[in-house]
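Asks: Below is the structure I would like to discuss, written out as structure tokens.
Each reported figure results from applying straightforward, stated rules to the coordinates on display, with no laboratory input. Note that the structure is predicted; figures quoted are calculated from it, not measured. Here Cβ is always computed from backbone atoms with ideal geometry, including for glycine, and neighbour counts include all displayed protein chains.
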């Protein structure tokens with residue numbers, strides 16, 4: 001049975017999702033939603049959606065098109081409203097990262113979905129890239145021994161960004177940090193218990209505050225990580241489309257270096273050796289769509305589910321609070337604060 005899907009938001013990324021849905025035999029592209037007429041016309045040309053299946057509002061699409069799930073690819077500050085509208089009507093949701101711009105909003109969506117029995121998948125696709133899959137496999141197999149230190153750096157030259165991102169404070173955190181922080185905790189399989197961060201803009205590029213970020217992270221089990229990211233780098237415009245990425249994990253038995261898609265394992269007493277990333281398999285979007293299908297049809301809990309992604313949202317919020325308040329913040333305490341009011345309400349009802 002092909003699941004009927006509405007894609008909400010038909011900008012460049014939304015059209016990618018529409019094409020991915022249309023190309024997957026397990027899905028049918030039922031409709032698209034986009035308030036901008038020009039974007040609707042481009043979507044019609046690229047995806048084959050006819051005018052009767054293109055809507056300006058999600059509510060109209062939910063009333064006018066039969067669907068099983070909604071893929072939300074709107075600007076980040078509109079994710080929550082679209083998710084809630086779909087969930088209220090009993091539709092499954094796949095929402096692009098960042099899940100929300102506030103942890104409390106993301107938690108509210110998760111609670112609503114759980115109350116309605118509706119699955120939510122978050123588009124944290126970096127964790128399924130071959131390099132990060134290889135890192136996770138090596139960590140799980142014990143090739144590094146107990147990992148104690150992690151260093152992760154991302155640099156990008158000034159570039160044209162999506163309008164919603166270009167005008168936001170903390171753009172590098174919302175644009176790339178949320179990807180990397182999620183992939184790191186997924187690869188290590190540990191929760192983050194402490195964050196000390198500074199979000200800033202070095203200046204000169206006219207970007208809002210927060211085009212660069214530096215953060216110290218503590219993980220369960222004692223691992224420590226240093227993470228930096230910047231949209232203000234320069235001098236490598238013609239290398240990897242102006243981007244540089246480096247990750248180093250140091251364990252008791254070995255150190256693993258990741259430079260873009262190249263991995264080198266340095267084991268104690270042995271020559272360094274390259275590590276294969278493994279077969280391509282399905283793409284990251286196909287992986288997420290597969291999780292969505294299994295959740296809807298079999299009731300299987302998604303690996304990138306909403307409840308799991310609250311951990312990533314808590315780390316992001318901890319970065320924001322730490323930078324604003326100049327103090328160390330524990331993401332687990334932020335999550336506990338959200339659970340307390342719910343527990344008190346249940347107690348009062350009894």
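Asks: Rank these for me by crowding, 176, 161, 1, going from fewest to most other beta carbons within 10 Å.
Replies: 1, 161, 176
Asks: Something else now. Between residue 50 and residue 78, how many nm apart are label points set 7 Å from Cα along the C-beta direction?
Replies: Taking the two extended label points, one gets 2.6 nm.
Asks: Simple spin-label model, 7 Å along Cα-to-Cβ: residue 246 to residue 337 in nm?
Replies: About 3.5 nm, to one decimal.
Asks: Set the Förster radius R0 to 45 Å, insert the Cβ-Cβ distance between residue 224 and residue 36 as r into 1/(1 + (r/R0)^6), and round the FRET efficiency to 0.05.
Replies: 0.50
Asks: If I build a Gaussian network model for the chain, linking alpha-carbon pairs within less than 10 angstrom, which residue out of 162, 223, 86 has the largest mean-square fluctuation?
Replies: Greatest mean-square fluctuation among the candidates belongs to 162.
Asks: Please work out the FRET efficiency for the pair residue 1 and residue 130, using the Cβ-Cβ distance as r and a Förster radius of 41 Å; give the result to the nearest 0.05.
Replies: 0.85
Asks: Using 0.36 nm per residue, how much length does the chain from residue 262 to residue 13 gain when fully extended, once their Cα-Cα distance is taken away? Intermediate values should be presented prior to the final figure.
Replies: Working: separation 249, 0.36 × 249 = 89.64 nm, distance 2.64 nm.
Value of the extension gain: 87.0 nm.
Asks: Under the rule a/c < 1.5 gives rounded, and otherwise a/b versus b/c splits prolate from oblate, where does the range 38-92 land using the Cα gyration tensor?
Replies: In terms of gyration-tensor shape, oblate.
Asks: Evaluate 2.2 N^0.38 Å with N set to the residue count of the chain, then give the Cα radius of gyration divided by it.
Replies: Working: Rg = 20.7 Å, N = 350, 2.2 N^0.38 = 20.4 Å.
For the chain, the normalised Cα radius of gyration comes out at 1.02.
Asks: What FRET efficiency would be calculated for the residue pair residue 325, residue 89, taking the C-beta separation as r and a Förster radius of 45 Å, to the nearest 0.05?
Replies: Details: r = 39 Å, r/R0 = 0.87.
Efficiency at R0 = 45 Å is approximately 0.70.
Asks: Same structure again: At 7 Å along the Cα-to-beta-carbon direction for both residue 60 and residue 253, put a label point, then send me their distance in nm to one decimal.
Replies: If labels sit at residue 60 and residue 253, their model points lie 6.0 nm apart.
Asks: Compute the semi-axes of the equivalent ellipsoid of the range 126-275, taking the square root of 5 times each eigenvalue of the Cα gyration tensor, and list them largest first in whole Å. Walk me through the intermediate numbers first.
Replies: Working: eigenvalues 165, 60, 30 Å².
Here the semi-axes work out to 29, 17, 12 Å.
Asks: Something else now. Listing 174, 271 from the residue with the fewest other Cβ atoms within 10 Å to the one with the most, what is the order? Working shown, then result.
Replies: Values: 174 20, 271 6.
In increasing order of surrounding Cβ atoms, one gets 271, 174.
Asks: Going by alpha carbons, how many degrees (0 to 90, nearest 10) lie between the helix axis of 37-47 and the longest principal axis of the chain?
Replies: That works out to roughly 80 degrees.
Asks: Taking every pair of alpha-carbon atoms in the range 3-118, give the share separated by more than 16 Å as a whole percent.
Replies: Details: 3631 of 6670 pairs.
Every Cα pair in the range 3-118 considered, those over 16 Å come to 54 percent.
Asks: Right, another one. Tell me, 62, 29, 335 in order of fewest to most beta-carbon neighbours within 10 Å? Kindly include the intermediate steps, with their values, before the conclusion.
Replies: Working: 62 21, 29 24, 335 18.
Neighbour counts put them in this order, fewest first: 335, 62, 29.
Asks: For the chain, modelled as a Gaussian network with Cα springs under 10 Å, which listed residue fluctuates most, 45, 113, 254?
Replies: Result: 45 has the largest fluctuation of those listed.
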